[in-house]
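As structure tokens, the structure follows; a few thoughts come after it.
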Amino acid sequence: MQYQLNQKLADLVPYDPIQGTYQIRLDANESYISLPGELRRQIGEAVAALPLNRYPDPLSQKVNEAFAAYYGLNPDCITSGNGSDELISIITSCFLESGDTIVTMEHDFSMYAFYSSLYELKVEVCPKRQDLTIDVDRLIAFCKETHAKAVVFSNPCNPTSLGLGRTEIRRLLNALDCLVILDEAYMDFWDQSMLPELSAYDNCIILKTCSKALGLAGIRLGFAVAGKTITRALRAAKSPYNTDMIAQTIGTILLQQPDYLRACTAQITERAKQLYQGITQLQSKYPNILEQVYDSRTNFVYVRTSYDAQLYQMLLDASIAIRRFRGFLRICTGSSEENAALLEALTQSLQTLSAKEESL
């Protein structure tokens, strides 16, 4: 008799990233900045000296302290993880029980609903406004109506690139008794972080990642910041050695370079503004194709278009990978040269589609 998977596993589809090799990758919201030679040398020497036959520090003290120093936090309120994804998994599996309700947002990071469903939570999706912004009053009412035990969303949002300011986040936190999980993966590119005020709220967890502004997508390192009660529970619930020795070492070295990291963040932010301006100029020329360009708070630009499939494929044909959603395109900033190549290829694609439209 053949073994049968349970229903929640039988319906799962493996994550399917873009396959193939492309000259320009603007699809995953990574940093385009490679580490400089001196930092690579320092990291190489440190990694070569690691006792890899031993388990890593279960509390990740050094990297937590470096993270705390960089963001001006108390290391006692920090839990590290194997990327933010692992922390989302721990939170949804341990802070909620089977059948509990968690609220997510329409147009948000798909892994919130993925892990919640995997752990048999009831996922209620709160709609956003037509312009893709969050109506805080509606969200508060929705959480209360659904008797939510938690609400989670990214701020600024992936994929919309929009964000809620601190005033609105404070209103939300003060109005809700449930757990509020704020994913600030892209907040390094904006100035509305709730990290400085987190101690005032005992029902909030803020997630941070090293994959975006810090440019360490390859090592899988994330952090959860919360009050002492939640942090104690997180540290108890995670596996003992969840953050490996190499990730801890590389993260510690990089986080101890604040001037370098802030310079990288400033450069990425400037390139993202240039990309936004370039795409906005194209939108003014081809409004029937690029219907809307959203005002970005991140390192990427979000575009509404009915031609998402055509533009996505045309850019792939030009060896440029971006991210496609139904009715939308998400384009991460690259270097000045990569952005210029993207804008040139996008211009040619728009010209081709416009000519086809006119010939109909």
- Task: Kindly write out, for the stretch 36-45 in residue order, the coupling ³J(HN,Hα) from the Karplus curve 6.51 cos²θ - 1.76 cosθ + 1.60 (θ = phi - 60°), rounded to whole Hz, with x marking Gly and Pro.
- Result: x, x, 5, 5, 4, 5, 4, 5, x, 5
- Would you kindly give the portion of the calculated P(r) for the stretch 133-203 that falls above 18 Å, as a percent of all Cα pairs? 34
- Task: Kindly report the accessible area of the chain per residue (heavy atoms of protein chains, probe 1.4 Å, no ligands, DNA or RNA), in Å².
- Result: 48
- Task: Could you give the size of the charge dipole of the stretch 47-143 about its Cα centre, using +1 on the Cβ of each K and R and -1 on the Cβ of each D and E, expressed in debye and rounded to the nearest 20?
- Result: 240
- Under a Gaussian network model of the chain whose springs join Cα atoms within less than 10 Å, the largest fluctuation of Met187, Met314, Met105 belongs to Met314
- Note on the structure: Computed D for the stretch 1-80, Stokes-Einstein, Kirkwood radius over alpha-carbon pairs, 25 °C, 0.890 mPa s, to the nearest µm² per second, is 135
- Note on the structure: the stretch 199-348: Kirkwood hydrodynamic radius (Cα pairs, Å) comes out at 18.0
- Based on the mean of other Cβ atoms within 10 Å per residue, sort peptides 6-19, 253-266 so the most packed one is first. 253-266, 6-19
- Note on the structure: Computed ³J(HN,Hα) along the stretch 332-348: with the Karplus parameters 6.51/-1.76/1.60, θ = phi - 60°, integer Hz and x for glycine or proline, the list is 7, 6, x, 5, 4, 5, 5, 4, 4, 5, 4, 5, 5, 5, 5, 4, 4
- For the stretch 275-338, what log10 I(q)/I(0) values come out of the Debye formula at q = 0.14, 0.16, 0.23, 0.27 1/Å, with one point per alpha carbon and no solvent? -0.36, -0.48, -1.04, -1.38
- Task: For Ser211, list long-range residues whose amide hydrogen, built 1.01 Å from N in the peptide plane, is under 5 Å from its own amide hydrogen.
- Result: Leu216
- Query: Considering only Cα-Cα distances, which of the following residue pairs are longer than 19 Å: Lys128/Lys285; Lys285/Lys356; Lys8/Lys144; Lys128/Lys212; Lys8/Lys122?
  - Reply: Lys128/Lys285; Lys8/Lys144; Lys128/Lys212
- Any residue on another chain or 5+ positions along whose placed amide H is under 5 Å from the amide H of Asp100 is listed here as Lys122
- Average projected area [Cα convex hull, the stretch 1-147], square nanometres: 15.9
- Starting at the first residue of the stretch 112-120, write each ³J(HN,Hα) from the Karplus equation 6.51 cos²θ - 1.76 cosθ + 1.60 with θ = phi - 60°, in whole Hz, x for Gly and Pro. 4, 5, 4, 5, 4, 5, 4, 9, 6
- Rg over Rh [alpha-carbon atoms, Kirkwood Rh] for the chain: 0.98
- Query: Taking a ≥ b ≥ c as the square roots of the eigenvalues of the Cα gyration tensor of the stretch 302-360, is the shape rounded (a/c under 1.5), prolate (a/b larger than b/c) or oblate?
  - Reply: oblate
- Query: What percentage of the solvent-accessible surface of the chain, computed with a 1.4 Å probe over protein heavy atoms, is contributed by carbon and sulfur atoms?
  - Reply: 49
- the stretch 141-250: projected area of the alpha-carbon convex hull, averaged over directions, in nm²: 7.9
- Message: Could you compute how fast the stretch 48-109 diffuses translationally, taking Rh as the Kirkwood radius over C-alpha pairs and applying Stokes-Einstein at 25 °C with viscosity 0.890 mPa s? Give it in µm² per second.
- Response: 168
- To the nearest 20 debye, what is the magnitude of the charge dipole of the chain about its Cα centre, counting +1 on the Cβ of each Lys and Arg and -1 on the Cβ of each Asp and Glu? 320
- Task: Among Leu26, Leu216, Tyr312, flag the residue with its Cα farthest along the positive direction of the charge dipole of the chain, charges on Cβ as +1 for Lys/Arg and -1 for Asp/Glu.
- Result: Leu216
- Query: So who's got an amide H within less than 5 Å of the one on Asp183, skipping anything under 5 residues away but keeping other chains? H placed 1.01 Å off N, in plane.
  - Reply: Phe153, Ser154, Asn155, Leu207
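The values are calculated or read from the model by the stated rules, or taken from the named source; none is laboratory data. Note that this is a predicted model, so its numbers are computed, not measured. So basically every Cβ, Gly included, is an ideal-geometry build from the backbone, and we count neighbours across all protein chains shown. SASA here: full protein model, heavy atoms, side chains in, ligands and nucleic acids out. Shrake-Rupley method; radii C 1.70, N 1.55, O 1.52, S 1.80 Å.
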